[in-house]
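Colleague: Here it is: the structure, laid out below.
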Amino acid sequence: MKILLLDTEKFEFKAIEPESSVYDEFEKGKSESFRDVLVAFVTLEKGDDDSVFDNVLSDISDYMSKIGRKDLIIYPYAHLSDELLPSSQAIKLYNSLVDFLKKNGINVIKAPFGWNKSYTVQIKGHPLAESLRTYKAKKGKKVSFTPKEKFYKFFVIDSEGNEYEIFKEKLDEYDVLNKNPALKRFVQNELIGKETHKEEPAHIKYMRKLELVDYCPESDIGHLKWFPKGVVIRDLILDYAEQLAMEWGAIKMQNPLIYRTDVEAIALLQGEFHERDYKIEGEDMVLRFASDPGAFPFVQKVSLSYRQMPFKVYEEAQCFRKEQSGEVVGLMRVRSFLMTDHHAFCQNEEIAKKEYYELSKLFAKLMNDIISGEHWVLGFEIVDEYYEKYKDFFKQIIKDIKKPAFFKLMNRMTHYYAFKNEFQAIFPDGNNLQISTVQWDVKNGERFNLTYMNEEGKKVFVPIIIHASSFGSIERALASMLESAAWQEKEGNVPLLPFWLSPEQVRVLPVSSIEHLEYAKKIANEIDKKGFRVSIDDRDITLGKKVAEAKSDWVPILVVVGAKEVQSGRLNVVNRIGAKIGKEPSVEMSIEDLLSLLDKLQAGMPKRKLSLSMYLSKRPKFI
RNA sequence: GCCCCGGUAGCUCAGUCGGUCAGAGCGACUGCCUUGUAAGCAGUAGGUCGCGGGUUCAAAUCCCGCCCGGGGCUCCA
């Protein structure tokens with residue numbers, strides 16, 4: 001950061017017109033004039049951040065007291081450096097510098113950022129009247145000055161459409177919350193803060209115990225390694241997410257992992273995404289921090305006409321965010337994650353509403369059926385004018401999803417969306433985690449020059465973009481499924497993953513690993529032929545132990561074969577799904593019955609092989 | 001990034017006012033047993049006590065720095 005300080009007799013500027021893609025609100029043609037003020041021409045350079053604010057403050061206040069000035073004009077000035085901070089970031093930093101100086105008692109007048117301005121200056125004739133200062137960002141010592149309190153009103157809407165304004169001082173007094181403990185928990189977490197819990201989240205224990213995923217100390221914090229059983233879950237979720245996206249009408253695309261920060265569109269998005277980037281040393285490049293840096297430039301180059309609208313895209317977007325080390329936790333908060341990401345580029349409000357509604361309905365179903373069971377809630381963040389406009393639309397969604405929802409109102413647009421919803425999983429320890437989301441974006445069509453040809457042959461900006469993610473990230477979806485199993489366990493039920501996602505769906509247990517192995521193989525092969533993941537516990541241990549391990553491995557269906565079964569040609573099947581712990585029923589049935597039971601449980605969901613031997617004796621221990 | 005707690009065998013952990021403190025269970029391996037619904041029996045092999053420095057005659061144990069994990073802040077597009 002460079003600051004040219006001028007002690008002036010007289011200073012005047014006039015705002016001609018905006019010249020940058022981002023600029024401060026200011027009246028066109030307005031001019032302002034001052035006498036006896038200190039003017040600071042400020043240039044923000046690459047790498048600048050708020051860590052320099054303290055030094056700037058002490059320098060400037062020293063200087064002002066030396067020369068006896070009371071007023072400071074901060075004037076954005078791009079001409080002291082050839083290594084500028086991209087304007088999208090600069091405008092934010094510039095404004096937080098102004099706020100910071102004001103907060104610390106300096107009387108600051110701000111000239112607007114991003115405008116072409118004319119100015120006249122008359123400098124005082126003393127030796128201290130002109131001075132250039134340079135500030136370098138301190139490494140690793142970021143101080144945050146972001147203003148809080150972006151929401152000013154909170155309320156709940158129930159499925160009958162009744163609104164209840166919520167005040168954090170009396171959370172216990174609302175029937176609508178007392179009837180919905182999960183929602184109450186969420187509201188409490190949002191308004192008051194999370195209850196402190198000392199134990200680690202259940203999913204961290206399970207992800208390792210089930211040999212799905214583990215930390216990888218050889219990599220950076222928050223990058224995980226996946227074992228075969230984790231990989232098969234991940235691939236199945238992706239299969240299903242893709243299937244849903246295709247049914248929804250999206251094209252599937254794939255964009256790169258690395259982006260240039262000197263491209264205006266990328267720099268603009270970086271500003272939106274909080275500067276948690278993985279930078280590439282010595283290059284103006286970052287690892288992909290969100291889906292948008294790939295999706296917007298992709299769509300910008302597509303020739304679209306109204307005939308192809310709404311245009312829908314789907315992508316498995318690997319994203320990298322260098323979250324603070326203390327924030328990274330299990331599968332909930334990681335530095336590298338895979339999002340199942342949807343965008344719908346909509347030509348009008350009616351279409352956008354339809355897409356928003358459909359995706360919201362779909363995601364509610366995913367939360368119920370796969371990700372969280374009943375343990376989730378719906379939240380909205382909305383700019384108030386949009387709430388007034390779409391109130392009935394929101395009520396319709398809530399009615400059809402059959403869940404009350406929590407609303408947070410903002411009085412201005414702080415991000416690219418006018419409103420968004422969040423499908424929040426609630427964990428047994430009281431924590432909540434955002435999974436799916438659907439967002440209504442009214443800004444980026446124009447900002448990123450995303451256009452289509454309308455019926456009149458005119459090229460127009462896409463007015464509304466729906467951003468959505470079905471499973472949020474694969475990591476979070478898995479975390480939520482494991483926590484959902486923890487809920488089951490807490491309630492005395494057998495903890496299991498959804499049947500179609502269980503890495504082992506069926507385990508065949510020969511009573512004697514020698515005498516009954518052939519029969520077990522025959523049964524397992526029949527099951528395998530139908531595409532179910534089946535294993536045989538061929539180890540030389542007691543049946544009791546085989547059963548114990550199968551249960552602790554969360555295998556939903558156990559098939560016991562011994563002398564009786566070999567004799568009768570029938571099977572002894574334990575269906576653990578939905579059973580109480582310790583009371584899993586065992587039923588005698590034919591192989592045909594079993595196969596049709598498996599079909600019923602699979603319910604048409606995707607199938608995949610597990611990359612491990614069918615024989616437990618052939619599988620290594622991973623953890 | 002900050003504060004608190006932790007890191008001992010593949011896993012779970014015991015052992016720490018400095019001196020038989022290199023330990024257990026599980027797992028792995030070998031042998032016996034041939035098993036009927038949550039863990040048969042016996043034996044063997046596994047460890048730079050997270051890493052690096054320091055103090056001391058002597059360090060898993062005390063001190064400093066770092067790495068990794070958990071909790072709490074801050075943060076959460």
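Colleague: Mind listing just one residue for me: the one in the stretch A:412-440 that is more than 9 Å from RNA strand B (Cβ to nearest atom), more than 16 Å from the chain's Cα centre (by Cα) and farther than 17 Å from residue A:372 by Cα and, of those, least open to solvent (accessible area, probe 1.4 Å)?
Modeller: A:418
Colleague: Assigned to a loop (DSSP other than H, G, I, E, B), modelled with pLDDT of 95 or more and crowded, with 19+ Cβ neighbours inside 10 Å - does that describe any residue in the stretch A:559-582?
Modeller: There is at least one residue in the stretch A:559-582 that is assigned to a loop (DSSP other than H, G, I, E, B), modelled with pLDDT of 95 or more and crowded, with 19+ Cβ neighbours inside 10 Å.
Colleague: Going through the stretch A:300-350 one residue at a time, which ones are part of a strand (DSSP E or B), among the aliphatic types (A, V, I, L, M) and more than 16 Å from RNA strand B (Cβ to nearest atom)?
Modeller: Of the stretch A:300-350, the ones part of a strand (DSSP E or B) are A:305, A:311-320, A:329, A:333, A:336-346.
Retained after the next criterion (residues that are among the aliphatic types (A, V, I, L, M)): A:313, A:317, A:329, A:338-339, A:344.
Within the stretch A:300-350, A:313, A:344 qualify.
Colleague: To continue, here is another question. Pick from the stretch A:457-466 the residues that are open to solvent by 10 Å² or more (accessible area, probe 1.4 Å) and touching a residue at least 24 places away in the same chain (Cβ under 8 Å): which of them is farthest from residue A:315 (Cα to Cα)? Outline the logic, then answer.
Modeller: So in the stretch A:457-466, the residues open to solvent by 10 Å² or more (accessible area, probe 1.4 Å) come out as A:457-461, A:463-464.
From what's left, touching a residue at least 24 places away in the same chain (Cβ under 8 Å): A:463-464.
Numbers: A:463: 22, A:464: 19 Å.
That would be A:463.
Colleague: Let me ask another. Can you find even one residue in the stretch A:133-147 that is at pLDDT below 95, away from RNA strand B (no atom under 16 Å from the Cβ) and assigned to a strand (DSSP E or B)?
Modeller: Yes; the residues of the stretch A:133-147 include at least one that is at pLDDT below 95, away from RNA strand B (no atom under 16 Å from the Cβ) and assigned to a strand (DSSP E or B).
Colleague: Right, another one. Given the options A:329, A:377, A:302, name the one that is within 24 Å of residue A:187 (Cα to Cα) and open to solvent by 40 Å² or more (accessible area, probe 1.4 Å).
Modeller: The match here is A:329.
Colleague: Looking at (1) closer than 30 Å to residue A:369 by Cβ; (2) open to solvent by 30 Å² or more (accessible area, probe 1.4 Å); (3) away from RNA strand B (no atom under 16 Å from the Cβ), which is the one condition that is false for residue A:593?
Modeller: The one condition residue A:593 does not meet is (3).
Colleague: Now for a separate question. Does the stretch A:13-21 contain any residue that is touching a helix residue (DSSP H, G or I) at 6+ places or on another chain (Cβ under 7 Å) and in the same structural domain as residue A:126 (by TED's automatic domain parsing)?
Modeller: Yes, that holds for at least one residue.
Colleague: Could you run through the stretch A:81-103 and say how many residues are more than 32 Å from the chain's Cα centre (by Cα), open to solvent by 40 Å² or more (accessible area, probe 1.4 Å) and at pLDDT 75 or above?
Modeller: Residues that pass the stated criteria total 2.
Colleague: Could you tell me which residue of the stretch A:257-299 is nearest to residue A:462 (Cα to Cα), considering only residues that are within 14 Å of RNA strand B (Cβ to nearest atom) and aromatic (Phe, Trp, Tyr)?
Modeller: Of everything passing the filter in the stretch A:257-299, A:296 is nearest to residue A:462 (Cα to Cα).
Colleague: Can you name the residue in the stretch A:542-551 that is near RNA strand B (Cβ under 6 Å from one of its atoms) and touching a residue at least 12 places away in the same chain (Cβ under 8 Å) and is also surrounded by the most Cβ atoms within 10 Å (Cβ to Cβ) among such residues?
Modeller: Per the criteria, the residue is A:551.
Colleague: Residue A:239 - would you say it is open to solvent by less than 50 Å² (accessible area, probe 1.4 Å), in a helix (DSSP H, G or I), at pLDDT 90 or above and away from RNA strand B (no atom under 15 Å from the Cβ)?
Modeller: For residue A:239, the condition - open to solvent by less than 50 Å² (accessible area, probe 1.4 Å), in a helix (DSSP H, G or I), at pLDDT 90 or above and away from RNA strand B (no atom under 15 Å from the Cβ) - is met.
Colleague: I'm trying to understand the selection: among the residues of the stretch A:509-535, which are within 39 Å of the chain's Cα centre (by Cα), surrounded by 22 or more Cβ atoms within 10 Å (Cβ to Cβ) and not in a loop (DSSP other than H, G, I, E, B)?
Modeller: Scanning the stretch A:509-535 gives A:527, A:534, A:535.
Colleague: Restricting to the stretch A:4-46, give me the number of residues that are of a type in the set (Phe, Trp, Tyr), more than 22 Å from residue A:88 (Cβ to Cβ) and surrounded by 17 or more Cβ atoms within 10 Å (Cβ to Cβ).
Modeller: Looking only at that region, the number is 2.
Colleague: Sticking with this one: Do we have residue A:493 as more than 22 Å from residue A:426 (Cα to Cα) and either in the same structural domain as residue A:332 (by TED's automatic domain parsing) or open to solvent by 10 Å² or more (accessible area, probe 1.4 Å) (or both) here? Spell out how you get there, then give the answer.
Modeller: Values: more than 22 Å from residue A:426 (Cα to Cα): no; either in the same structural domain as residue A:332 (by TED's automatic domain parsing) or open to solvent by 10 Å² or more (accessible area, probe 1.4 Å) (or both): yes.
So residue A:493 fails the test.
Colleague: Looking at the stretch A:447-496, what strands (runs of 3 or more DSSP E) fall wholly within it and have at least 2 residues that are modelled with pLDDT of 95 or more and among the β-branched types (Val, Ile, Thr)? Even if it seems obvious, please write down each step before you answer.
Modeller: Values: elements: A:451-453, A:459-461, A:464-473.
So the answer is A:464-473.
Colleague: Report those helices (runs of 4 or more DSSP H) wholly inside the stretch A:159-235 carrying at least 2 residues which are within 15 Å of RNA strand B (Cβ to nearest atom) and over 14 Å from residue A:427 (Cα atoms).
Modeller: In the stretch A:159-235, A:181-191, A:202-209 are the helices (runs of 4 or more DSSP H) which contain 2 or more residues that are within 15 Å of RNA strand B (Cβ to nearest atom) and over 14 Å from residue A:427 (Cα atoms).
The values are calculated or read from the model by the stated rules, or taken from the named source; none is laboratory data. Please read all numbers here as calculations on a predicted model, not as lab measurements. With ideal geometry, Cβ positions are generated from the backbone for all residues, glycine too; neighbour counts draw on all protein chains shown. We work out accessible area using only protein heavy atoms, side chains counted, and drop any ligands, DNA or RNA first. Shrake-Rupley method; radii C 1.70, N 1.55, O 1.52, S 1.80 Å.
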